[in-house]
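Encoded as structure tokens, the structure appears first; notes follow it.
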Amino acid sequence: MNYKQWLAGQLTAKLEGISQEALAELIEYPPNPQMGDLSLPCFKLSKQLRKAPQAIAEELKAGWSDNASVQRVDAVSGYFNVFLNPAVFANEVVGEVLTRQDRYGSQEYGQGRNIVIDFSSPNIAKTFHIGHLRSTVIGNALYNIFNFMGYNSVGVNHLGDWGTQFGKLIVAYKLWGDQAAVEAEGIDELQRIYVKFHDEADVKPELEDEARAWFVKLEQGDEEAHKLWRWFVDISLKEFHKMYDLLGVKFDSYAGESFYNDKMAEVLDELKTKNLLEEDGGALLVRLDDFNMPPALMVKKDGGTLYHTRDVAAAKYRKNTYDFDKAVYVTDAGQSLHFNQLFKVIELMGYDWSKQMQHVPFGKVSLEGAKLSTRKGKVVNLEDLLGKAIEKTREIIEEKNPNLENKDEVARKVGVGAIIFNDLSNNRIKDIVFSWDEALNFEGETGPYVQYTHARACSVLSKADPSETQSFEGFDPKHLENEEAQGVLRQMYLFKERVEQAMHKLEPSIISRYLVDLAQSFNRFYHECKILKAEDAEVRKARLALVESVRITLKNGLALIGIEAPEKI
Ligand code: ARG
């Protein structure tokens, strides 16, 4: 049930010339329950209706006819306020959660249309760092949110697996590489020789020529070059998969930059035919002066293609393959110009679907003052970060709940959850400073707090007499009229709207923050109201139904942002 729509439906006939849609947009949930559960501010209607806001509110009040869902209405300072009947509201909300279960909050908004989500997209032979983690976490949440909203999400990992750096890596490996070391150390060792290449090339510039020559060989399909490249890719993927497994993230496609190698000629031909390519000192580019952007470089002087060229090919390929309704790219805000250029080039090529593409930028992450990456390639390794989170969580569990079963598994779920939640706890565009104490605080606005609240709900339910939790049918909503229960119900009702907002704004933090609000309202209820110890069986039943609904809603919300919900912590 959508109460804004419902109230708008009740009022539209009484307000001439004002549509139900327009009214639904105006209706608010007053932050203070003393102002009612729903409120229509009449200020914006004043001009059109040629009446004072308070007069409009008074008329709505006078014309209101009794309705089982509503306890009373009021007109105060230009607001028309509606107080819902708390028992009817409780019945409605709990009824919906219990009926819809793991689909509670979902909608068929997308009607099966495709959305391509380009996320994570780390670079081969380079460390998977905390910036890629943010892309992974935000992208994965969007993937789940869009699916939940009736879209078909297609997750693409646009691996950075092509480009001149592979020429450098091949040269470096041939000079200083050691197969056993690469096999044992993986990306760390590749990174080490790559950094060494840069140091040496500073004094021996001819190394750069060699690297370019090797990349040309690679592009032309030279067997040795290709074999080495494939090996670097496999070594890197193995490490990335460890991260993805820990995070519980999956992709539908790993078509990275190399996938487009054989599609470059076609893109360049098309750009040429459409008169978009301009030569500039041997390089080929698309001028974007008219749009206040620097040119998009498509071919370098040495004939090599670039990140841009491959993104143009990738966009066309995705449109042809998935016929997307929307295509989003989740990267740090530093790439905004790149994507604005890309979308403009696609538009200039005559594709109106450029409008369906969107960059989803996010801010930087720093780790309690420490630098996350230096020029020398030293970065905070994500595997270490997750490992440390799990370890620290394990210590907290040991202290709080030493008898817990499956401590390792729970520590993994909570430790990883803490990191994910921390990444999603603020608007994505904000820079975040990662702090261990904040991320792992079981009492703060954190993943562990929400997970712990979920486990608390599970624990209450598991301690109840099984006959009381078998079915909640016929619970008496009158027993959920008290303020604490109503506070929980109000939050629980908002879930569907929050998911919708998160989708429209491509902002998973809306769900994270929502989960904290719901958890807080539930904990207030839990501390103020007896549940298992309530003497009256009917009271127990109604309260248990509420607990079960909270459990479901928390679990659904956590799942959307990619966090597991263990039953015991
Ligand atoms: N590999 C790039 C990086 O690490 C991100 C790629 C984003 N996706 C894209 N289609 N350009 O910065």
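The values are calculated or read from the model by the stated rules, or taken from the named source; none is laboratory data. Being a predicted model, the structure only gives us computed values, none of them experimental. For neighbour counting, all protein chains shown are included, and Cβ atoms are generated from backbone atoms with ideal geometry for every residue, glycine included.
All but one of (1) farther than 21 Å from LYS238 by Cα; (2) surrounded by fewer than 19 Cβ atoms within 10 Å (Cβ to Cβ); (3) under 38 Å from the mean Cα position of the chain (by Cα) hold for GLU185; state the number of the condition that does not hold.
(1)
Against the condition crowded, with 19+ Cβ neighbours inside 10 Å and modelled with pLDDT of 95 or more, how does ALA545 come out, does it pass? Explain how you work it out, then say what you get.
Numbers: crowded, with 19+ Cβ neighbours inside 10 Å: yes; modelled with pLDDT of 95 or more: yes.
In short, yes.
Looking at LYS376, LYS388 in this structure, which one is surrounded by fewer than 17 Cβ atoms within 10 Å (Cβ to Cβ), modelled with pLDDT under 95 and either aliphatic (A, V, I, L, M) or part of a loop (DSSP other than H, G, I, E, B) (or both)? Spell out how you get there, then give the answer.
Values: LYS388 fails: either aliphatic (A, V, I, L, M) or part of a loop (DSSP other than H, G, I, E, B) (or both).
Going through LYS376, LYS388 in turn, the sole match is LYS376.
Can you pull out every residue in segment 7-26 that is touching a residue at least 40 places away in the same chain (Cβ under 8 Å) and either closer than 16 Å to VAL70 by Cβ or in contact with a helix residue (DSSP H, G or I) (Cβ under 6 Å, 6 or more places away or on another chain) (or both)? Even if it seems obvious, please write down each step before you answer.
Initially, segment 7-26 is screened for residues touching a residue at least 40 places away in the same chain (Cβ under 8 Å), giving 7, 10-11, 14-15.
Scanning segment 7-26 gives LEU7, GLN10, LEU11, LYS14.
Take segment 212-243 and flag every residue that is more than 19 Å from GLN191 (Cα to Cα), out of contact with any strand residue (DSSP E or B) (no Cβ under 9 Å at 6 or more places or on another chain) and surrounded by 18 or more Cβ atoms within 10 Å (Cβ to Cβ).
Within segment 212-243, just LEU218 meets the criteria.
Would it be correct to say that LEU424 is at pLDDT 95 or above, crowded, with 21+ Cβ neighbours inside 10 Å and either out of contact with any Asp or Glu (no Cβ under 9 Å at 6 or more places or on another chain) or not assigned by TED's automatic domain parsing to the domain that holds MET243 (or both)? Don't jump to the end; show me each part of the working.
Details: at pLDDT 95 or above: yes; crowded, with 21+ Cβ neighbours inside 10 Å: yes; either out of contact with any Asp or Glu (no Cβ under 9 Å at 6 or more places or on another chain) or not assigned by TED's automatic domain parsing to the domain that holds MET243 (or both): yes.
So LEU424 fits the description; yes.
When you look at LEU98, is it at pLDDT 95 or above, more than 17 Å from the chain's Cα centre (by Cα), within 15 Å of the ligand (Cβ to nearest atom) and surrounded by fewer than 24 Cβ atoms within 10 Å (Cβ to Cβ), yes or no? Show your work before the answer.
On the way: at pLDDT 95 or above: yes; more than 17 Å from the chain's Cα centre (by Cα): yes; within 15 Å of the ligand (Cβ to nearest atom): no; surrounded by fewer than 24 Cβ atoms within 10 Å (Cβ to Cβ): yes.
Answer is no for this residue.
Please count how many residues of segment 280-313 are in contact with a strand residue (DSSP E or B) (Cβ under 8 Å, 6 or more places away or on another chain) and away from the ligand (no atom under 16 Å from the Cβ).
Number satisfying all stated conditions: 10.
Between a residue in segment 244-267 that is under 12 Å from ARG318 (Cα atoms) and any residue that is part of a helix (DSSP H, G or I), which pairs come within a Cβ distance under 6 Å, given they are 6 or more apart or on different chains?
TYR260/ARG310; TYR260/ALA313; TYR260/ALA314
For segment 338-363, what are the residues that are within 14 Å of the ligand (Cβ to nearest atom) and either touching a residue at least 60 places away in the same chain (Cβ under 8 Å) or assigned to a helix (DSSP H, G or I) (or both)?
To start, the set of residues in segment 338-363 that are within 14 Å of the ligand (Cβ to nearest atom) comprises 338-343, 345-346, 357-362.
Of everything in segment 338-363, those that are within 14 Å of the ligand (Cβ to nearest atom) and either touching a residue at least 60 places away in the same chain (Cβ under 8 Å) or assigned to a helix (DSSP H, G or I) (or both) turn out to be HIS338, PHE339, ASN340, GLN341, LEU342, PHE343, VAL345, ILE346, GLN358, VAL360, PRO361, PHE362.
Any chance segment 101-120 includes a residue that's within 16 Å of the ligand (Cβ to nearest atom), modelled with pLDDT of 95 or more, out of contact with any helix residue (DSSP H, G or I) (no Cβ under 6 Å at 6 or more places or on another chain) and closer than 19 Å to VAL156 by Cβ? Walk me through it before giving the result.
Just the residues of segment 101-120 that are within 16 Å of the ligand (Cβ to nearest atom), to begin with: 115-120.
Filter once more, keeping what is modelled with pLDDT of 95 or more: 115-120.
Adding the requirement that they be out of contact with any helix residue (DSSP H, G or I) (no Cβ under 6 Å at 6 or more places or on another chain) leaves 118.
Going one step further and asking which of them are closer than 19 Å to VAL156 by Cβ, we end up with 118.
Scanning segment 101-120, I find at least one residue that is within 16 Å of the ligand (Cβ to nearest atom), modelled with pLDDT of 95 or more, out of contact with any helix residue (DSSP H, G or I) (no Cβ under 6 Å at 6 or more places or on another chain) and closer than 19 Å to VAL156 by Cβ, so the answer is yes.
For LYS316, work out the one condition from (1) under 25 Å from ASP262 (Cα atoms); (2) more than 14 Å from the ligand (Cβ to nearest atom) it doesn't fulfil.
Only one criterion is unmet by LYS316, namely (2).
Restricting to segment 121-171, name every residue that is small (Gly, Ala, Ser), part of a helix (DSSP H, G or I), farther than 16 Å from ARG230 by Cα and more than 14 Å from the ligand (Cβ to nearest atom). Break it down stepwise before answering.
Just the residues of segment 121-171 that are small (Gly, Ala, Ser), to begin with: 121, 125, 131, 135, 139, 141, 150, 153, 155, 160, 163, 167.
Those left that are additionally part of a helix (DSSP H, G or I): 131, 135, 139, 141, 167.
Checking the rest, the ones that are also farther than 16 Å from ARG230 by Cα come to 131, 135, 139, 141.
Of everything in segment 121-171, just one residue is small (Gly, Ala, Ser), part of a helix (DSSP H, G or I), farther than 16 Å from ARG230 by Cα and more than 14 Å from the ligand (Cβ to nearest atom), namely ALA141.
Is there any pair linking a residue in segment 320-337 that is touching a residue at least 24 places away in the same chain (Cβ under 8 Å) and aromatic (Phe, Trp, Tyr) to one that is away from the ligand (no atom under 14 Å from the Cβ) and not in a helix (DSSP H, G or I), with Cβ under 9 Å and at least six apart or on different chains, and which?
As it stands, the answer is TYR322/ASN114; TYR322/ILE115; TYR322/ASN152; PHE324/ARG113; PHE324/ASN114; PHE324/ILE115, since those pairs meet every condition given.
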